[in-house]
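All remarks here apply to the structure that follows.
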Protein chains: 2
Amino acid sequence: MQRTVALVRRGYRPRVPGPWGRSQSSAAAEASAVLKMRSERSPRERILTLESMNPQVKAVEYAVRGPIVLKAGEIELELQRGIKKPFTEVIRANIGDAHAMGQQPITFLRQVMALCTYPNLLDSPNFPEDAKKRARRILQACGGNSLGSYSASQGVNCIREDVAAYITRRDGGVPADPDNIYLTTGASDGISTILKILVSGGGKSRTGVMIPIPQYPLYSAVISELDAIQVNYYLDEENKWALNVNELRRAVREAKDHCDPKVLCIINPGNPTGQVQSRKCIEDVIHFAWEEKLFLLADEVYQDNVYSPDCRFHSFKKVLYEMGPEYSNNVELASFHSTSKGYMGECGYRGGYMEVINLHPEIKGQLVKLLSVRLCPPVSGQAAMDIVVNPPVPGEESFEQFIKEKESVLGNLAKKAKLTEDLFNQVPGIHCNPLQGAMYAFPRIFIPAKAVETAQAHKMAPDMFYCMKLLEETGICVVPGSGFGQREGTYHFRMTILPPVEKLKTVLQKVKDFHIKFLDKYA
Amino acid sequence: MQRTVALVRRGYRPRVPGPWGRSQSSAAAEASAVLKMRSERSPRERILTLESMNPQVKAVEYAVRGPIVLKAGEIELELQRGIKKPFTEVIRANIGDAHAMGQQPITFLRQVMALCTYPNLLDSPNFPEDAKKRARRILQACGGNSLGSYSASQGVNCIREDVAAYITRRDGGVPADPDNIYLTTGASDGISTILKILVSGGGKSRTGVMIPIPQYPLYSAVISELDAIQVNYYLDEENKWALNVNELRRAVREAKDHCDPKVLCIINPGNPTGQVQSRKCIEDVIHFAWEEKLFLLADEVYQDNVYSPDCRFHSFKKVLYEMGPEYSNNVELASFHSTSKGYMGECGYRGGYMEVINLHPEIKGQLVKLLSVRLCPPVSGQAAMDIVVNPPVPGEESFEQFIKEKESVLGNLAKKAKLTEDLFNQVPGIHCNPLQGAMYAFPRIFIPAKAVETAQAHKMAPDMFYCMKLLEETGICVVPGSGFGQREGTYHFRMTILPPVEKLKTVLQKVKDFHIKFLDKYA
């Protein structure tokens, strides 16, 4: 690759003689003389530079794939080239990427997807009838019976119906309307689309978007892209990262001085913090949104990932309806789900949906218009979403295997959540709240003053310095807390619990050893 | 669906009694009294309305899926309900959606995709070895050997290598660097990402983006979303929709009064206009971009769709390199390709790539950062892109069938392009330039003064009025020229040539009959 670039830089001579000398327009002929004089010079200034680019894009940060991950990539290349390190592989615990960590796909999901992809397989005796039934249903709803056709911009009709039926079951009968369901390219796409529609105003009336701190950095990134105003509310680390409505009140009050707070984002179960909101807390949040006239965004992509026996997932939609018509007829809510997390971990398909409640009919029209510009979400991702909301049921051929696979993944995650909490809390200078849900630990780490000074001398956030050292010395790639936001003077990192149990134990032991050595070195 | 909504509006009573009465916070208790007073009132004002929404999103228009297509959907529902019409089906000739029009997927592509989706099939004797080889190679490059893992934000490495090799072959040896290849979610995503990075400045220094008129409305939509300035240059209808550099000069000169023209978008082969640029014209454009310091965007998604025997596709990249180092070291270019068009027509997979030339290294970093916020393009779409750039070669088991299928699709399109041009030009009051490439006719239609007046009385663009009547009377759905832009006082529509030959003949005959009747009615 380097060689090719060098070739180009030195001025590539095409095999076919360029016709530039053959058929010149008069303007071109004039230019040709100028060019002869210039061709020896160094390349001229670029049009698109850090100075000239979109400043909002420049301001975007996204730690989950930031500098630490680039460094991890470099180290992997060095290992491949045989360079000796104190470890033999990089362990990417920076991102919730289940299959990359060895989790096997759910067989039924992939069978349906294969049947949809290559319908000749519908004649094969090697595929179960329930998988074929679902594949036929999806294909019948696709133009020309092909996954290769564009779908409606809002998503395939019958898949939206299946999503609505799933939500109704999940929420104990609270009805869902397929017309309120929009299939998306992963949850990230849905979240940024809704935020894009919501942002308006200038100066002090610019839209403020309330997000938790710590947050998942998609939020801060999109807020920056859209030039909206980020309004932080802090989760209570002393109280298992619970959300406190008084803190929401403080945040909105202070924000009103410099923007128009219009949106409240909630991540439940929490990312990176792993807390699962109580029903009472959700009621309080909904009441607060009602009172303050805030549009609610409920990021519920970890709805299947709840591990603590004393926690349960409650959807915002369900609680909203159970609070009665004053709330359920008024509070505007968009909630998000995805194929990427849960027990299926199908990140690569970029499947997801959002459900909107109380969206103004004219805004629904605007939303469809906006979505139509990018035509439709990937139809294969839509099909994957369908299997997630419409899995095998008791009595169907594939049910037993499906349940076994699903429970194995979720059971293992629960085990690893407990293991991680317990082991981290045995390390002096590390404190880890219970991982009630999602798939991350976000432990608080003590960084000694001398290490903080050294980091500052390197112009690095102290937790970035810590994570870089951890990566360099152990090969373990985690994301510094500063990438998610944290209270001034506190330090954390986010680590996934996705590696297989035995590997996770090794990882935790290595972090422990590293941490003790680190404390010692900078004591 | 209607029933469910009604249920909700009347105030849904959940099966489980709402805990709102059980465990109220004090703030909630206070509110409860207020609520009792309010609960009989009509819903309060929404937060998100046409007035409060993002005005740039509100300004977006996207005709290809606009009002005419909504109307087509309504008519389809009416037909399903047994309502009598002068036709039995709606023919959606509004969008380049090949499979929806009955085109069959390329077998080899779907075989590789099925193998990647459900790797158990790698043991099946029913799949050819060359397909298995490609599937294995793709899976080996995916985390955990699964399409379900996130890829690198820039796309799977080995697929980017295959894209670079394809470009090098296509361009007769001009080298391509995998590091300059970014896989995308269809071409639309790549185009909007690059434009997003390019837009900056305020007032008279706001970025101007030059686009052809007629254009593909993705461009105007994204320009509106980004609040950039649209700078129109007109294609020359009298000259087979050729691009004339003097018109570019006029456009840029006039634009400089009110914005900073920084980007020049070219669609070649043209959409909706179907012209294929001559090599001379591309040279002139590149020279113009060099001279005026414009960032070039080359939308080349129809590169395989060239039908006129006297036309050939020349990539901007190749011509740029053959013009010598002053150009090839300086002109900044992004070019786009897609799985959705060509002979494969795999729109639903949302696969695509862009190649960037002379992008500043710091901007490459910014681009990867921006892409990483949405994690990665759909990996199944990336795999589809891989098969497009790395198809069976002579000597491989699947070569013969692949070539047969590919040539059949392209041969048919060429036939239909000629047929459409010829038939339209037999109709009085319709003039159609040759369909040199792409997959659309964009005929000019004469609309009598009385029809123009009637349209204006209905507050409709005259060509929208015409297309609505065409739809209502024949079931044929085409897009009015006003959705793409056209010279004041001229009227057109865009129609795909994707229906099978016999059906297309019927469609053309129906348009002819309709047009003659229309002229007669409004004479």
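Summary table
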| item | result |
| --- | --- |
| Cβ-placed point charges (K, R +1; D, E -1), dipole of segment B:150-389 about Cα centre in debye, nearest 20 | 300 debye |
| For residue B:242, distant residues with modelled amide H under 5 Å away | B:236 |
| Hydrodynamic radius by Kirkwood, which averages 1/r over all alpha carbon pairs of chain B, in angstrom | 25.6 Å |
| Restricting segment B:414-510 to chymotrypsin sites (Phe, Trp or Tyr not before Pro) in coil, as DSSP defines it, with at most 10 other Cβ within 10 Å | none |
| Dipole magnitude of segment A:293-447 about its Cα centre (Cβ charges: Lys, Arg +1; Asp, Glu -1), debye to nearest 20 | 480 debye |
| Loop trypsin sites (Lys or Arg not before Pro), segment A:182-282 (other Cβ atoms within 10 Å of the site Cβ: 15 or fewer; DSSP) | A:256 |
| Separation in nanometres of the label points that stand 7 Å from Cα toward Cβ, at residue B:291 and residue A:312 | 7.4 nm |
| Cβ-vector label at 7 Å, residue B:49, separations to other copies in nm | 4.7 |
| Fraction of accessible area attributable to carbon and sulfur, segment A:152-389 (%, probe 1.4 Å) | 47 percent |
| Separation in nanometres of the label points that stand 7 Å from Cα toward Cβ, at residue A:56 and residue A:124 | 4.7 nm |
| For residue A:399, label point 7 Å along C-beta direction: distances to other copies, nm | 5.2 |
| Cα Rg over Rh - segment A:329-434, Kirkwood | 1.12 |
| Area buried, chain A against chain B - accessible surface, total, 1.4 angstrom probe, square angstrom | 11400 Å² |
| FRET efficiency for residue B:505 and residue B:239, using Cβ-Cβ distance with R0 set to 30 Å, rounded to 0.05 | 0.55 |
| Fraction of beta bridges assigned by DSSP in the protein assembly as shown that are antiparallel (%, nearest 5) | 50 percent |
| Positive-pole candidate from B:62, B:157, B:339, dipole of chain B, charges at beta carbon | B:62 |
| Candidate lysines for bridging to residue A:364, where Cα separation is under 17 Å - those fewer than 8 sequence places away on the same chain excluded | A:196, B:58, B:71 |
| Calculated FRET value between residue A:89 and residue B:49, using beta carbons and R₀ = 60 Å, to 0.05 | 0.65 |
| Cut-off 19 Å, label 7 Å out along Cα→Cβ of residue B:253, residues of segment B:265-289 by amide N | B:284-289 |
| Segment A:124-263 shape via C-alpha gyration tensor axes, a/c threshold 1.5 | prolate |
| Over segment B:386-515 - Rg/Rh using Cα atoms and the Kirkwood inverse-distance radius | 1.12 |
| Antiparallel DSSP beta bridges within chain B, percent to nearest 5 | 50 percent |
| Mean ellipticity per residue at 222 nm, deg cm²/dmol - from DSSP H runs of n ≥ 4 across chain B, formula -39500 (n - 2.57) | -13500 deg cm²/dmol |
| Inter-chain Cβ neighbour average for residues A:188-198, partner chain, 10 Å | 3 |
| Trypsin sites (Lys or Arg not before Pro) within segment B:309-394, DSSP loop, no more than 10 other Cβ atoms inside 10 Å | none |
| Average other protein chain Cβ within 10 Å of Cβ, residues B:219-230 | 1 |
| Point-charge dipole on Cβ atoms (K/R +1, D/E -1) for the protein assembly as shown, about Cα centre, debye to 20 | 200 debye |
| Farthest positive-ward along the protein assembly as shown dipole, Cα basis, beta-carbon charges - from A:52, A:147, A:181 | A:52 |
| P(r) histogram, all alpha-carbon pairs of segment B:209-260 included - 5 Å bins from 0, percent | 5, 21, 27, 22, 17, 6, 1 |
| Pairs beyond 26 Å (Cα-Cα), from A:404/A:505; A:132/A:318; B:84/B:512; A:415/A:510 | A:132/A:318 |
| Long-range Cα-Cα pairs in segment A:152-389 (distance over 23 Å), rounded percent | 46 percent |
| Rounded FRET efficiency, nearest 0.05, which uses the C-beta distance separating residue A:76 from residue B:393 and R0 of 30 Å | 0.40 |
| Cα centroid separation, segment A:460-517 to segment B:169-216 (Å) | 38 Å |
| DSSP loop GluC sites (Glu not before Pro) with at most 16 other Cβ within 10 Å excluded, longest remaining stretch of chain A | A:90-396 |
| Cα-based shape type of segment A:350-409, given that a ≥ b ≥ c are square roots of the gyration tensor eigenvalues and the cut on a/c is 1.5 | prolate |
| For residue A:232, inter-copy label distances in nm, listed shortest first [label point 7 Å out on the Cα-Cβ vector] | 4.8 |
| Taking chain B and dividing mean pair separation by its residue count, relative contact order in percent (alpha carbons under 8 Å, at least six apart) | 19 percent |
| Among beta bridges that DSSP assigns inside segment A:152-389, antiparallel share in %, nearest 5 | 40 percent |
| Separation between Cα centres of segment B:369-432 and segment A:355-433, rounded to whole Å | 34 Å |
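The values are calculated or read from the model by the stated rules, or taken from the named source; none is laboratory data. Since this is a predicted model, take the numbers as computed values, not measurements. Note that each Cβ is placed from the backbone with ideal geometry, even for glycine, and that neighbours are counted across all protein chains shown. Surface areas here come from the heavy atoms of the whole protein model, side chains and all, with no ligands, DNA or RNA. Shrake-Rupley method; radii C 1.70, N 1.55, O 1.52, S 1.80 Å.
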